Amino acid sequence: MKKILIFSLLLTSVVGFSQAFKGKGDQKLNVGMNIQDGGTGIVAGYDYGVGQNLSIGLQSTYAIGIRNSYDGANFARRFDVRARANANIGDVLNFSDDLDVYLGLNIGMHNFGGQIGARYFFTDGFGVNVEMVNPIARFDSDVYGYRHLNNQTQLNVGISFNF
């Protein structure tokens, strides 16, 4: 019983004091897996809080595992980098302090789009994230085959670090 009580107190002290989005000056680093039709890859992103509920950042993806039929997929098609802006609305919706829910817009090498996502923090510095990215307007109207990489709806799943 004593061990359970000590473990519960430690868990509460680790989990109970995290805050997902702190506003101006907040910094988040996300690293994970990118999933899209015809390929999977890696994703990394950085967001910086510029206001109480506003963050800006950069995100990059690289498709590693792709369909065999995408043999024309060179580095420029596999790689994407996006500038992004998010409205962090977890506190507006009165969610837990550990949950950062956001939606925003991005512009990248292949399209202009939007994203919606969430980060859940287990501690002040570590959490998990899930995000869906979707193009609104593509820069290339001829999108088929390997040109579809990084130019379609994508799911990003990974871990988040809070600085």
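The values are calculated or read from the model by the stated rules, or taken from the named source; none is laboratory data. What you are looking at is a predicted structure, and each value in this text was computed from that prediction instead of being measured. Neighbour counts are summed over all protein chains in view; Cβ atoms, including those assigned to glycine, are modelled from backbone coordinates with ideal geometry.
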In segment 69-88, residue nearest to GLY57 (Cα to Cα) [restricted to those that are in contact with a helix residue (DSSP H, G or I) (Cβ under 7 Å, 6 or more places away or on another chain) and crowded, with 16+ Cβ neighbours inside 10 Å]:
ARG77
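So that you can scan it fast, the table gives a plain yes or no per residue for (1) over 12 Å from the mean Cα position of the chain (by Cα); (2) under 17 Å from ASN134 (Cα atoms); (3) modelled with pLDDT of 90 or more:
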position	(1), (2), (3)
ASN30	no, no, yes
TYR46	no, no, yes
TYR62	yes, yes, yes
PHE79	yes, yes, yes
ASN94	yes, no, no
ILE107	yes, yes, yes
Kindly list the number of the only condition in (1) more than 11 Å from the chain's Cα centre (by Cα); (2) in contact (Cβ under 8 Å) with a residue 40 or more places away in the chain; (3) over 17 Å from GLY57 (Cβ atoms) that fails for ASN162.
(3)
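Residue-by-condition table, conditions (1) part of a strand (DSSP E or B); (2) aliphatic (A, V, I, L, M); (3) surrounded by 20 or more Cβ atoms within 10 Å (Cβ to Cβ); (4) touching a helix residue (DSSP H, G or I) at 6+ places or on another chain (Cβ under 8 Å):
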| site | (1), (2), (3), (4) |
| --- | --- |
| GLY25 | no, no, no, no |
| MET33 | yes, yes, no, no |
| GLY45 | yes, no, yes, no |
| SER55 | yes, no, yes, no |
Criterion (touching a strand residue (DSSP E or B) at 6+ places or on another chain (Cβ under 8 Å), over 25 Å from LEU149 (Cβ atoms) and not basic (Lys, Arg)) met by exactly one of VAL50, VAL92
VAL50
Taking the options ASP97, ASP91, ASP142, name whichever one is in a loop (DSSP other than H, G, I, E, B) and buried (at least 16 other Cβ atoms within 10 Å of the Cβ).
ASP91
Members of segment 68-88 that are touching a residue at least 60 places away in the same chain (Cβ under 8 Å) and either of a type outside the set (Gly, Ala, Ser) or not in a loop (DSSP other than H, G, I, E, B) (or both)
TYR70, ASP71, ARG77, ARG78, PHE79, ASP80, ASN88
Scan segment 134-155 for residues that are modelled with pLDDT of 85 or more and among the aliphatic types (A, V, I, L, M) and jot them down.
ILE136, ALA137, LEU149, LEU155
What pairs can you find where one residue is in segment 104-124 and assigned to a loop (DSSP other than H, G, I, E, B), the other is surrounded by fewer than 21 Cβ atoms within 10 Å (Cβ to Cβ) and modelled with pLDDT of 95 or more, and their Cβ atoms are less than 7 Å apart, with a gap of 6+ or different chains?
MET109/VAL81
